[in-house]
Amino acid sequence: MKQMPNLEDYKKAYREFRWEDIEKELDWLGDGKLNIAYEAVDRHLKTSRKNKAAFVFEGKDGAKETYTFFELAKSSSRFANVLADLGAEKGDRVFVFLDRVPELYISVLGTLKIGAVIGPLFSAFGPDAVKDRLMDSEAKVLITSPRLKNKIEEIFNDLPDLEHIIIVNRDRENIELCDGEVSYEGEMAKAEDDFDIVKTSKEDYAVMHYTSGTTGKPKGVVHAHAAIKGHYATAKYVLDLHEDDIYWCTADPGWVTGTSYGIFGPWSNGVTQVIYEGGFNAKKWYSIIEAYRVTVWYTAPTAIRMLMRFGDKLPEKFDLSSLRHACSVGEPLNPEAVVWGEKVIGIPFHDNWWQTETGCILIANYPVQDIKPGSMGRPFPGISPAILDDGYRELPPGREGHLAIKPGWPSMFRTYWKKEDVYDSRFKNGWYITGDKAKMDEDGYFWFVGRADDVINTAGHLVGPFEVESALIEHPAVAEAGVIGKPDPIVMETIKAFVSLKEGFVPSEELKHEIQRFVKKKLSSAAYPREIEFLDTLPKTRSGKIMRRLLKARELGLPEGDTSTLER
Amino acid sequence: MNAFERVRAILVKELAVGESEVVESAMLADDLDADSLNRFAIYSSVEEEFGIELDDEETMEIETVGDLVKLINRKITSS
C-alpha cells in the first residue's frame, strides 16, 4: 500500500505553516533551552524508539555494527564526559577528522552535549586545508585516526590553540601517543555513560562548516542549536521520513549535507539510517539498497550520473523495490537523470536546493507534486525566496536574477567565524543574497541559472578559484595563476588552471604533474586543478587583476565581452 | 612499456602523485588518496589504454596497484 506523504497538500502547508508548530514537535530541555544532540538522540530514550536501531554501519571491509538510540545516547554521553575531563567547555571548537565510522557520529553528538561547537572535516582534506580550518577556528580539540593524523602531522606545531588530539584507533594499530594525545578507546573505557546535557540556548553556536568563496580562504559558517528545527522539519516533509523508513544519505559528514541530513534530520525524526564507510561503487551501492531494504535515499547528481554511466543492466540484477523516495542535492540535477531514475531505478530523483549557509533545504521537489525535471522545486513552507535584480529589487516570474531568501528561518547561519563584515555583506535590502542566479516560473518553481561569482562547483563541492590560485603561486615555478571551472558531464565542472612560469622554468608534463601534486597536498583531492595549461602571460586588467572571465570565455569559445579594462 | 608502467602513467596523471609513490603494493585509497571519482576516471583510462572492459564486480576487489595490474594482465591474456 502506497504511504501518504507527510506533506499532503503543498499549498495548504505553505499557507498555514508556522515554525512555532515545529517547535512543539521537539522536546526542548526545559526553560526554553535547546540542544541538537538531545533532539536527535536522547529524547528518544523516553519512548519505544529507545531500542530502535539508530544506525546500521557497514565498513569498507564489510564489518557491521548496529547502534540503538539507547546505545548511541550512552556512547555520546560517554564521549561528552571524555571531552569534559580534558577541559573542553561550552563554546570551544572541537573538530573531527575521521573516515565515516561510528566514532565520528559519537564524537559529533558528544561535542554538542557539552555545548561545544563541532566542526566536521572531510577525510580527503590535505594538511593545509585542515590547518587553515583549525587555525581560523582556534580549535581546542581534534578527533582523528592514526592514518589521518600522519597525513597532517606537519601542521601541529602551527596550532597554538590545539590542546588535545583524541586518536580513534579502530584497527588497534601499534601506536605511540605523543604529548597532548589521548586514546579514544582508553578514555571511553574510563568514562561514565551518563551526562547532563549542557542547557544550551537556541542561539548558542553548535556546528561549523567551512565553505569556499570567490576571494580569500574558506570561511567558517556557524549554525546555532535552533537549526535543528529546520533539519527536523525538512527531513520530515522533503525527505518524507516516516517511522519505519530505512534511510541512506550518501554524503560524508564533512559536508553540511552529511550532518544536516546524515545525522540531525533523520535522527530527530527517529529514523534508522544506513552508514556505509566506503565511497562510490555502483554495484556496492545497489547491493546496499537491496540488503538493507533502503526506502529513502538522498544522494548527489555526480553520483547519479556515474550510476547512469554504469548502464541500465546493472540495477536489474538487484531488488530495489524497497525504494519509496529519492532526493538529490549539491548541483542542479539534469532532467535526463530524473527520467533515468524513474525508468531504471523505479523512482524519480527529487532535486532540492540549499547551501552550507542555509543549514537546511529551502527549495524542493515534494513527493506530493509533479517534479519539473531540471527545476530546484518550490519553496519549503516558511521560506520566502525571490529573484532580485542587480539593485536587489524583486523581479517578476520568468526573469533571471539573484536568488535571495527573506532572512530569519531557524537554520540560517548566524555568522562567518570572525568575519562579521563578510557576513553582513551577504544581506542586502532586507534579503539574504545566496550567490546563485536563478529564475522563477509562473507556477512558482525555481530554476538554477548559474553562480553570480566565480565559485566552481565540482562534484557538488564548492571551490573558490582564489584558494586554488593562492596554492598554485606558492609553487616555486609559478609566477601567476588563473583558475576556472570547465563544464564536465559527470562532475558538472572540473578545475582548470592557467599558469605562467617564473624565469628559468620550462613547461613540461612533468612540471604539470608536480604542480598538481603540490596543490592537492595543500588543499584536497577535490580542489586541485585536473588540467593545467601554461601561458606566457595571463590576461589582466590594468590594475593587475587576472581576468578569469576572459580565460573562461576563450576556453569555451564564447564571446569575450567587454575587454576595455584588459591590459594591452 | 609493460602493463605496470602504463598503469603507473595513468595513476600519476589521474591522482597527481609521484612516480616513486606508485609501487605494486601501494593501496589506491590509503596510500595514493584515490577517491571514488578518481577510481572511476582511472578505470575509464585503463579501459581506453588497454582496450579492455572492466566490470564493477572486478574493480570492487581492487585495493592495490598490483591488484589492478594483475586484473589487466588477466584480461589481456584471456581476450
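The values are calculated or read from the model by the stated rules, or taken from the named source; none is laboratory data. Every value quoted in this text rests on a predicted model; they were computed, and no experiment measured them. As a convention, Cβ positions derive from the backbone with ideal geometry for all residues, glycine included, and neighbour counts pool all protein chains shown.
Among the candidates A:TYR423, A:TYR432, which residue alone is without any contact (Cβ under 8 Å) to a residue 40 or more places away in the chain, crowded, with 17+ Cβ neighbours inside 10 Å and not in a loop (DSSP other than H, G, I, E, B)?
Numbers: A:TYR432 fails: without any contact (Cβ under 8 Å) to a residue 40 or more places away in the chain.
Only one candidate qualifies: A:TYR423.
Of all residues in the range A:459-479 being in a strand (DSSP E or B) and modelled with pLDDT of 90 or more, which is nearest to A:TYR298 (Cα to Cα)? Before the answer, list the steps.
Filtering the range A:459-479 down to residues in a strand (DSSP E or B) leaves A:461-463, A:478-479.
From what is left, the residues that are modelled with pLDDT of 90 or more are A:478-479.
Working: A:VAL478: 41, A:ALA479: 43 Å.
Here the residue is A:VAL478.
If the Cβ limit is 6 Å and pairs must be 6+ apart or interchain, which residue in the range A:176-192 that is closer than 18 Å to A:VAL101 by Cα pairs with which residue that is among the charged types (D, E, K, R) and at pLDDT 95 or above?
Between residues of the range A:176-192 that are closer than 18 Å to A:VAL101 by Cα and residues that are among the charged types (D, E, K, R) and at pLDDT 95 or above, the close pairs are A:MET188/A:ARG78.
Give me the residue from the range B:32-62 that is surrounded by fewer than 16 Cβ atoms within 10 Å (Cβ to Cβ) and not in a helix (DSSP H, G or I) and, out of that set, nearest to the other protein chains (Cβ to nearest Cβ).
The selected residue is B:ASP55.
So which residues in the range A:485-503 are within 16 Å of A:ILE515 (Cα to Cα) and either assigned to a strand (DSSP E or B) or not charged (D, E, K, R) (or both), if there are any at all?
Once the filter is applied, which keeps residues that are within 16 Å of A:ILE515 (Cα to Cα) and either assigned to a strand (DSSP E or B) or not charged (D, E, K, R) (or both), the range A:485-503 yields A:ILE495, A:LYS496, A:ALA497, A:PHE498, A:VAL499, A:SER500, A:LEU501.
Of the conditions (1) touching a residue at least 40 places away in the same chain (Cβ under 8 Å); (2) more than 29 Å from A:LEU307 (Cα to Cα), A:LYS512 fails just one. Which one is it?
(1)
Of everything in the range A:275-292 that's in contact (Cβ under 8 Å) with a residue 12 or more places away in the chain, among the small types (Gly, Ala, Ser) and closer than 20 Å to A:THR66 by Cα, which residue is farthest from the other protein chains (Cβ to nearest Cβ)? Don't jump to the end; show me each part of the working.
Step one: list which residues in the range A:275-292 are in contact (Cβ under 8 Å) with a residue 12 or more places away in the chain, which gives A:275-278, A:280, A:282-283, A:285-290, A:292.
After this cut, where a residue has to be among the small types (Gly, Ala, Ser) as well, the list is A:278, A:282, A:287.
Add one more test, that the residue is closer than 20 Å to A:THR66 by Cα, and what stays is A:278, A:287.
Working: A:GLY278: 8, A:SER287: 10 Å.
Among those residues, the one meeting the criterion is A:SER287.
Which residues, taken from the range A:111-127, are out of contact with any strand residue (DSSP E or B) (no Cβ under 6 Å at 6 or more places or on another chain) and within 14 Å of chain B (Cβ to nearest Cβ)?
Scanning the range A:111-127 gives A:PHE122, A:SER123, A:PRO127.
Any residue in the range A:147-155 that is modelled with pLDDT of 95 or more and loosely packed, with under 15 Cβ neighbours inside 10 Å?
Among the residues of the range A:147-155, not one is modelled with pLDDT of 95 or more and loosely packed, with under 15 Cβ neighbours inside 10 Å, which makes the answer no.
Mind telling me which of the residues A:THR299, A:THR295, A:THR272 ends up being touching a Phe, Trp or Tyr at 6+ places or on another chain (Cβ under 9 Å), within 19 Å of A:HIS242 (Cα to Cα) and within 14 Å of chain B (Cβ to nearest Cβ)? Walk me through how you get there before you give the answer.
Working: A:THR295 fails: within 14 Å of chain B (Cβ to nearest Cβ); A:THR272 fails: within 14 Å of chain B (Cβ to nearest Cβ).
Just a single option satisfies the conditions, and that option is A:THR299.
Check whether at least one residue in the range A:85-105 is in a helix (DSSP H, G or I), in contact with a helix residue (DSSP H, G or I) (Cβ under 7 Å, 6 or more places away or on another chain) and free of Cβ contacts under 8 Å to residues at least 60 places away in the same chain, and report yes or no. So that I can check it myself, show each step before the final result.
Initially, the range A:85-105 is screened for residues in a helix (DSSP H, G or I), giving A:85, A:102-105.
When the remaining residues are screened for being in contact with a helix residue (DSSP H, G or I) (Cβ under 7 Å, 6 or more places away or on another chain), the result is A:103, A:105.
Next, from what is left, pick out any that are free of Cβ contacts under 8 Å to residues at least 60 places away in the same chain: none.
Checked against the condition, which is being in a helix (DSSP H, G or I), in contact with a helix residue (DSSP H, G or I) (Cβ under 7 Å, 6 or more places away or on another chain) and free of Cβ contacts under 8 Å to residues at least 60 places away in the same chain, the range A:85-105 yields no hits at all.
Kindly indicate whether A:PRO529 is within 11 Å of another protein chain (Cβ to nearest Cβ) and touching a Lys or Arg at 6+ places or on another chain (Cβ under 9 Å). Spell out the reasoning first.
Values: within 11 Å of another protein chain (Cβ to nearest Cβ): yes; touching a Lys or Arg at 6+ places or on another chain (Cβ under 9 Å): yes.
Judged against the criteria, A:PRO529 is a match.
Would you point out which residue out of A:VAL506, A:VAL519 is more than 12 Å from chain B (Cβ to nearest Cβ) and within 23 Å of B:GLU14 (Cα to Cα)?
Details: A:VAL519 fails: more than 12 Å from chain B (Cβ to nearest Cβ).
None of the others qualify; the one that does is A:VAL506.
Restricting to the range A:302-327, and then to whatever is aliphatic (A, V, I, L, M), more than 10 Å from every other protein chain (Cβ to nearest Cβ) and not in a loop (DSSP other than H, G, I, E, B), can you tell me which residue is nearest to A:TYR261 (Cα to Cα)?
Our first condition is that a residue be aliphatic (A, V, I, L, M); within the range A:302-327, this holds for A:303-304, A:306-308, A:314, A:320, A:323, A:326.
Keeping just the survivors that are more than 10 Å from every other protein chain (Cβ to nearest Cβ) gives A:304, A:307-308, A:320, A:323, A:326.
Remaining after also requiring not in a loop (DSSP other than H, G, I, E, B): A:304, A:307-308, A:326.
On the way: A:ILE304: 18, A:LEU307: 22, A:MET308: 24, A:ALA326: 13 Å.
If we take residues in the range A:302-327 being aliphatic (A, V, I, L, M), more than 10 Å from every other protein chain (Cβ to nearest Cβ) and not in a loop (DSSP other than H, G, I, E, B), then A:ALA326 is nearest to A:TYR261 (Cα to Cα).
I'm checking my understanding of the structure. Among residues of the range A:331-370 that are of a type in the set (Val, Ile, Thr) and within 24 Å of A:GLY450 (Cα to Cα), which one is surrounded by the fewest Cβ atoms within 10 Å (Cβ to Cβ)? Reasoning before the result, please.
Of the range A:331-370, the ones of a type in the set (Val, Ile, Thr) are A:338-339, A:344-345, A:347, A:356, A:358, A:361, A:363, A:368.
Retained after the next criterion (residues that are within 24 Å of A:GLY450 (Cα to Cα)): A:338-339, A:356, A:358, A:361, A:363.
On the way: A:VAL338: 22, A:VAL339: 14, A:THR356: 19, A:THR358: 25, A:ILE361: 29, A:ILE363: 26.
The extreme case among them is A:VAL339.
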